[in-house]
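Worksheet for the structure shown next.
The values are calculated or read from the model by the stated rules, or taken from the named source; none is laboratory data. Worth saying up front: this structure is predicted, and the values here are computed from it rather than measured. Neighbour counts are summed over all protein chains in view; Cβ atoms, including those assigned to glycine, are modelled from backbone coordinates with ideal geometry.
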Amino acid sequence: MDLKDIISISGKSGLFSVVGKSKNNVIVESVIDKKRFPIFNSNKISALSDISIYTYEEEVLLSDIYRKIFESNDGKKTISHQEDIKKLQKKLEELVPNYDKEQVYNSDIKKLFQWYNILHDTKKLKLKINEEDDDKTKSEDKPKKKEIKSKPKSTKQTPKIKSNQVAKKVQRTQKKSG
């Protein structure tokens, strides 16, 4: 999953994408209603690509969890975040069986499913193909071509000197200002 440029802002519901940056603020756009507004340094911003879920062994990136949800639901929406918390916990346990129940709060679980459905509705879920798989498919699909490398043409004009000629140095004289 590619969650680049998708952020969450503390105190504001929904998800946002970064549109522009200036010296004092960042311009964001709501992924739901496309309204733009500035956010400042005082706002707490979390990039979805940096968020992970605690497990007992290691942390699992949110993008990996969203990939599992996408694959288990055949690319369709998942359970609503307004369902009973027990159902949400059970669904998360199916996806990440060893998530840390003490550090992952109920509100975190609700946000996880809410954000997935928002991204699904706005068609912001972008699957990243593994680079190894991508290279294999490219090499199988296209026949191999010989690459001919040509020297880049320079825009500078250099004088052509034959081997029996000697390059002359041009000396410039400076005029004295009086």
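Remarks
- Val19 being among the hydrophobic types (A, V, I, L, M, F, W, C) and either farther than 23 Å from Ser107 by Cβ or exposed (fewer than 14 other Cβ atoms within 10 Å of the Cβ) (or both): yes
- Filter result for Lys91 (exposed (fewer than 12 other Cβ atoms within 10 Å of the Cβ), in contact (Cβ under 8 Å) with a residue 12 or more places away in the chain and among the charged types (D, E, K, R)): no
- Per the conditions (1) surrounded by 14 or more Cβ atoms within 10 Å (Cβ to Cβ); (2) at pLDDT 90 or above, the sole criterion not satisfied by Asp50 is (1).
- Strands (runs of 3 or more DSSP E) lying entirely in the range 14-116 (those with 1 or more residues that are acidic (Asp, Glu)): 25-30, 59-61
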